[in-house]
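Worksheet: the structure to be examined is printed underneath.
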Amino acid sequence: MSHRILFVCLGNICRSPAAEGVFRARAPHYATDSAGTSGWHIGDPPYGPMQKAAMVRGVALGDLRARKFVAEDFNRFDLILGMDADNIANIEDLRPEGSDTPVRLLTDFAPETGADHVPDPYYTRDFDGALDLIEAAVEGLAAHLRG
Ligand code: 4NP
């Protein structure tokens, strides 16, 4: 059973807090968190343009604060979801000996989109495109978790 779910991106101010926010609104009975593989924004709230784009969809992110992904997260969570292949590689670099916690791409749960990652809106500026993908994948993830 995956009851503790961690969303991971690079900065932990755009994609992973958005994914956490969309998921917790959709499935509030799960324990969720998000983290970044970099420590660049530790303690920061989600990026303003992402907060605004999410709020238009009724998703509030303002309480979230960035932190860095750590090896202990493999023990604290049942499922770890990265936004792109770099995230997955950086997460796997910290996998403790003997840990079998699954690490997957969020987009694995939205095969109908054809996307193999969530493009980083901090660079693309396409916050709505990122949210479209995240919402599709969260639907698929919720269906997967319901079994
Ligand atoms: P995120 O986007 O990984 O979706 O949070 C980024 C935000 C900030 C930076 C990189 C990616 N940055 O370089 O500061």
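Here are a few things to note about the model shown:
- Neighbours by Cβ (under 6 Å, 6+ apart or cross-chain): first from the range 32-46, free of Cβ contacts under 8 Å to residues at least 60 places away in the same chain; second near the ligand (Cβ under 10 Å from one of its atoms) and open to solvent by 30 Å² or more (accessible area, probe 1.4 Å): Gly36/Leu10; Thr37/Leu10; Ser38/Leu10
- Number of residues in the range 61-91 that are acidic (Asp, Glu) and open to solvent by less than 70 Å² (accessible area, probe 1.4 Å): the value is 3.
- The single condition among (1) within 11 Å of the ligand (Cβ to nearest atom); (2) on the phi < 0 side of the Ramachandran plot that Thr32 does not satisfy is (1).
- Pick from the range 94-139, criterion more than 15 Å from the ligand (Cβ to nearest atom), under 23 Å from Phe74 (Cβ atoms) and under 17 Å from the mean Cα position of the chain (by Cα), ranking: least open to solvent (accessible area, probe 1.4 Å): Val138
- Matching residues, the range 1-29, being under 23 Å from Gly140 (Cβ atoms), in a loop (DSSP other than H, G, I, E, B) and within 16 Å of the ligand (Cβ to nearest atom): Leu10, Asn12, Cys14
The values are calculated or read from the model by the stated rules, or taken from the named source; none is laboratory data. Please read all numbers here as calculations on a predicted model, not as lab measurements. Virtual Cβ from ideal backbone geometry, glycine too; neighbours counted across all protein chains shown. Ligands, DNA and RNA are stripped out before the accessible areas are found, and what is left, the full protein with its side chains, is counted by its heavy atoms. Shrake-Rupley method; radii C 1.70, N 1.55, O 1.52, S 1.80 Å.
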